[in-house]
Every structure is written in structure tokens, then in C-alpha cells.
Amino acid sequence: NKTYVVLTTEADKKNAHRIANILLEDKLSPCVSFNNIESSFWWEGEITQSEEVQLIIKCKENNLNKLLNKISESHSYQVPEIIYFPVTASNDYHHWLSSF
């Protein structure tokens, strides 16, 4: 069972924690970390700058699709950033994640 990291951004801490709590309560992820970031991106024909909160979500492969769907359903953005990739973790961390 592979370990995945999923990245998404939210407008503020309140929205970021709301999504994290949904994922944790539904047992789709055992751990979500947060970073305050600044982003520059194209939106509606203009370059936009924004302060955001990045969520770093860890999950098992068998929870990935449900987790991605739950983020899409719960997100405050019209087009949320949802990026995911398989990762290699230490044996102890992978065991902890897999036991969840």
C-alpha cells in the first residue's frame, strides 16, 4: 500500500482547518500539516497575488480517491489546486500511516 502526499491551498486558516477536520474525522488521512504561503497565479485573465494556507495531507493509496473527492466537495475555491504524488517514507512512518 503506497503512501501519498496531497497538496491543496485554502484562502485562510479557518477553511484549511475545516477541510483537515473533515479528512481526519472521515479517517481519510491520519495527518495534515499547514504552511502559510504567498501565491501568484492567473485568474480571470489577470495575474493575482494571494496569501493562502497550504495543506500537506498524507494518506494511504486505498483512501486517495475518496480523499480527493472529499477535498473537491468541501473546498471554498471554484477551481481548487489538488496535486498528489506517491512518496517514500521511513519504515516507522509508513507503518504508522498504514495502521491507521
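How large, in Å, is the chain by the Kirkwood hydrodynamic radius built from its alpha-carbon pairs? Provide the component values of the computation, followed by the final result.
On the way: mean 1/r = 0.0710 Å⁻¹.
Value: 14.1 Å, from the Cα pair sum.
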- Where Cα atoms sit under 15 Å apart: lysine pairs in the chain separated by 8 or more or lying on different chains: 9
- Please work out how much length the chain gains when fully extended from Phe100 to Lys2, using 0.36 nm per residue of separation minus the C-alpha to C-alpha distance, in nm with one decimal. 34.0 nm
- Message: For Tyr93, project a label point 7 Å along Cα to C-beta. Then give me every residue of the range 13-47 with its amide nitrogen under 19 Å of that point.
- Response: 24, 28-36
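Of the heavy-atom accessible surface of the chain (probe 1.4 angstrom), what whole percent is carbon and sulfur? Display every interim value, and only then the final one.
Values: 3090 of 6350 Å².
Using a 1.4 Å probe with all protein chains present, the chain comes out at 49 percent carbon and sulfur.
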- Give the accessible surface of the chain per residue, rounded to a whole number of Å², with probe radius 1.4 Å and ligands, DNA and RNA excluded. 64 Å²
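Quick one: net charge around Ile19, please, counting Lys, Arg +1 and Asp, Glu -1 for every other residue with C-beta under 15 Å from its C-beta.
Values: positive: Lys13, Lys14, Arg18, Lys27, Lys58, Lys66, Lys70; negative: Glu10, Asp12, Glu25, Asp26, Glu52, Glu73, Glu81.
It works out to a net charge of 0.
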- Tabulate in residue order the Karplus-calculated ³J(HN,Hα) for the range 77-90, using 6.51 cos²θ - 1.76 cosθ + 1.60 with θ = phi - 60°, rounded to whole Hz; enter x for Gly and Pro. 8, 5, 10, x, 6, 9, 10, 9, 7, x, 10, 9, 10, 4
- Query: Sequence-distant or interchain residues sharing an amide H contact under 5 Å with Thr9, placed H: which?
  - Reply: Leu55, Glu81
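The values are calculated or read from the model by the stated rules, or taken from the named source; none is laboratory data. In this text the structure is predicted, and so the values were computed from the model without any measurement. Cβ atoms come from the backbone with ideal geometry, glycine included; neighbour counts cover every protein chain shown. Keep in mind that these areas ignore ligands, DNA and RNA; they rest on the heavy atoms of the full protein, side chains included. Shrake-Rupley method; radii C 1.70, N 1.55, O 1.52, S 1.80 Å.
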